[in-house]
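Student: Quick one: this structure, given as structure tokens, is what I'll be asking you about.
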Amino acid sequence: MNREIFMKELEYLLQDIPEEDKADALAYYRDYLEEAGEENEEAVIKEFGSPERIAAIIRSDLTGSLEEGGEFTENGYQDERFKDPNYQMAQRYELPEVHDIPPECGTKQRKTKQSGMNSVLKVILCAVLICMAVPAVFGIGGGILGAVSGLAAAFLGIVVLAAVITLGLFIGAIACGVGAVIMLFSSPAAAFLFLGIAILLVGLTLLSVVVCILFYGKFLPFLFRSITDGISRLVHRRNKR
């Protein structure tokens, strides 16, 4: 038994005496143990005996039943009738609930308080972590969504651009052909130049048409099939699990 447990039990056993007398008695034994020091604490408590013995001595002194049997000295209260460390008076019968309090009660209460504090700290820590994680999750999710949106926009741009380029080449070829016909009699040299450009644009238009056929007819269906197949495989794997 250490000083803290000894003083707590003694204070509990003295709860039915006047507060002033209890405070004086507790102060006396507390000061005595502090003067003895931690190295002599255990030996001094053994000399005192049980807290019940000290409580019985204090209560007997207050009621006057000690008479001239002993006195408080520098070694504690000395009385021949209380030499036995197991000496007890009627305190156990006056406070029967003392029997129901195990010695480790104080330790359990401290552990309960500590566990409660630990739970509160865990809740606070979880709240802080959530507050820190939510912006990060939204930031990562926003970045992924932005990347996917960018890729989709780029792909859509390529799809539209292929058709626009083909249409532009075709319109350019027609315009150059018409210009060549118009300028054939007024400026034959310019007419032949426009005719050559028209022929070049026609060739590029035909090439662009071939590319568009391959892109729209082969690549896009292949891409869509690959995406749908990949999604269906993932779904089937999850269903099997």
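The values are calculated or read from the model by the stated rules, or taken from the named source; none is laboratory data. Everything numeric here is computed off the predicted structure, so don't read it as measured data. Cβ coordinates were reconstructed from backbone atoms using ideal geometry, including for glycine residues, and neighbour counts include every protein chain displayed.
Student: Need the failing condition index for Leu129 against (1) in the same structural domain as Cys212 (by TED's automatic domain parsing); (2) modelled with pLDDT of 80 or more, just the number.
Tutor: Looking at each condition in turn, Leu129 falls short on (1).
Student: Something else: Inspect segment 154-164 for any residue being touching a Phe, Trp or Tyr at 6+ places or on another chain (Cβ under 8 Å), surrounded by 11 or more Cβ atoms within 10 Å (Cβ to Cβ) and farther than 22 Å from Leu220 by Cα and give the result as yes or no.
Tutor: Taking every residue of segment 154-164 in turn, none turns out to be touching a Phe, Trp or Tyr at 6+ places or on another chain (Cβ under 8 Å), surrounded by 11 or more Cβ atoms within 10 Å (Cβ to Cβ) and farther than 22 Å from Leu220 by Cα.
Student: Of all the residues that make up segment 19-41, how many are closer than 16 Å to Ile57 by Cβ and outside any helix (DSSP H, G or I)?
Tutor: Within segment 19-41, residues that are closer than 16 Å to Ile57 by Cβ and outside any helix (DSSP H, G or I) number 0.
Student: Can you name the condition, by its number, that Leu206 falls short on among (1) at pLDDT 90 or above; (2) exposed (fewer than 10 other Cβ atoms within 10 Å of the Cβ)?
Tutor: (2)
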